[in-house]
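Asker: Could you have a look at this structure, given as C-alpha cells, before my questions?
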Amino acid sequence: MDPIVWIAAILVLIVIMAIVLVVVGINAPEPTDPIQERLAELSIGDEPLSLEEIELSQSFTERVILPIFNRVGEFASRFTPQATLTSARRRLETAGNPMQLDPAFFLTTRIVLAVLFGGLVFAVYVITKRNWLQGLGLSVLFLVIGFIFPDMWLSSRIKRRQKAIFRSLPDALDLLTVCVEAGLGFDAAMRNVHEKWEDDLALEFGRVLQEIALGKLRREALRDMSDRLDVPELTSFIAAVIQSEQLGVSMAKVLHIQSDQMRVRRRQMAEEEANKAPVKMVFPIGCLIFPSILIILLGPAALMLLSSPMGGLF
C-alpha cells in the first residue's frame, strides 16, 4: 500500500480519537461517591459479598486502566513541582473536577497522549521507510498537540461551567432575597437554593454549607467558593455579603441590590454576544454560503459558455 495512504489513515485515526475524547469528556456523567455506591451494593444484596466479588463487579476500566494511570501519576508526582500540582488541582476544582480526576492523573494523561500521538506518527515514518527527519519534525508537532489537548479540554470545561454559573446567579440571588426577606437567615436561604436546584451554583452552595457545618467560618467558606469558581460577578457578590456582615448592613437590601446589578450585567452580556454574531457569521457566509450561491447562479452560464464557440478560448 502507498505510504501516503498509511499516513493519511493514521492522521484520520488520530483525529477520530481526539473527537471521541472530546465527546466523552462533554457527555461524561456527573461524579458519584464510590463509598455510597459500595454501601448501596451491600444494602441491596441479601448475602454479604466477598472482596473478590466486589472487585469483579467493577468495570475493566476501574479495575485495570485507572489503577495503572494512578500508579504512573503517583510516580510522576514525585518529580513534578508542587506549584504545578497546585495549579492543576485548582483548575480541576474550577472545572468541577470532572470524572474525579487527580492532578497527578491529569498530568500523566497529558504525557501519555503526547507520547501516543508523537510516537504513532514517528512509527509510521519508520515503518514506511520514508524521510525520518521529516517524520521527526511532524512527530514533535503531534507530540505538542497531544500534550496541550487535555489542557484545552479542561479550559473548555472551565469556561462552560463559569458561564453556566454566571447565567444562574441572578435567579439564585432572587431566591436568596425572597428567603431572607421572609425571615430566614442567610445559611437557611443558601440551603433552600441547594435543595431547590441541581445546577453547579447550587452544588457550590451545598459545599459551603458542609464546610460551615464542619466548623469553618462563613466568610472563609464563601471566600474559598469565590476563589474556587473564579467568576468576577460572584466574587463581587460574596465581597458585598461579607462586608454587609461585618458592618451590620441589612442582608436583604444588599441581596436586592446585587440581584438587580446581576440582571443588568446578564442583559449587557447578552447584548454583547448579539453584537458579536454578525462578525462571527462573516466566515461561514464568505467561505460556505457565497461559493455555493455563485456555483448555483453561474454554473449553468459557465457550462453554456464552454459549449459555445467561445469555449475554445478557455
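Asker: Once label points are set 7 Å from the Cα along Cα→Cβ at both N97 and Q268, what is their separation, rounded to one decimal in nm?
Answerer: About 3.5 nm separates the two model spin labels.
Asker: Within the range 185-228, list the GluC sites (Glu not before Pro) lying in a DSSP loop whose Cβ has at most 13 other Cβ atoms in a 10 Å radius. Show your work: numbers first, answer last.
Answerer: On the way: sites: E195, E198, E204, E211, E220; in loops: E198.
Hits after loop and neighbour filter: E198.
Asker: Of P170, A188, Q210, which is farthest towards the positive pole of the range 164-267's charge dipole, taken about the Cα centre with +1 and -1 on the beta-carbons of Lys, Arg and Asp, Glu respectively?
Answerer: P170
Asker: May I ask for the distance between the Cα centers of the range 236-280 and the range 192-218, given as a whole number of Å?
Answerer: So the two Cα centres are separated by 20 Å.
Asker: Hey, what do the phi angles of the range 241-253 turn into as Karplus ³J(HN,Hα) couplings, whole Hz, using 6.51/-1.76/1.60 and θ = phi - 60°, x for Gly and Pro?
Answerer: Per residue, the Karplus-derived 3J(HN,Hα) values read 5, 5, 5, 5, 5, 6, 8, x, 6, 4, 5, 5, 5 Hz.
Asker: Considering all alpha-carbon pairs of the range 164-267, what whole percent are spaced by more than 18 angstrom?
Answerer: 43
Asker: Output the relative contact order of the range 164-267, whole-number percent, from Cα pairs under 8 angstrom with separation of 6+ residues.
Answerer: Values: 82 pairs, mean separation 36.6, N = 104.
So the answer I get is 35 percent.
Asker: Okay, next question. Past the 32 Å Cα-Cα mark, which pairs from K253/K280; K216/K253; K196/K253; K159/K196; K253/K276?
Answerer: Where the Cα-Cα span goes over 32 Å, the pairs concerned are K253/K280; K253/K276.
Asker: I'd like the FRET efficiency for A302 and K276, computed as 1/(1 + (r/R0)^6) with the beta carbon distance as r and R0 of 35 Å, rounded to 0.05. Intermediate results must be reported in sequence, preceding the final value.
Answerer: On the way: r = 37 Å, r/R0 = 1.05.
It comes to 0.45.
Asker: Gain in length, R207 to R228, computed as 0.36 nm per residue apart minus the alpha-carbon separation, to one decimal in nm?
Answerer: Extra length from R207 to R228 when fully extended: 6.4 nm.
Computed from the coordinates by the stated procedures, all read-outs in this text should not be read as laboratory data. Just so it is clear, the model here is predicted, and its values are computed rather than measured. Here the Cβ is made from the backbone with ideal geometry for all residues, glycine too, and neighbour counts use every protein chain on show.
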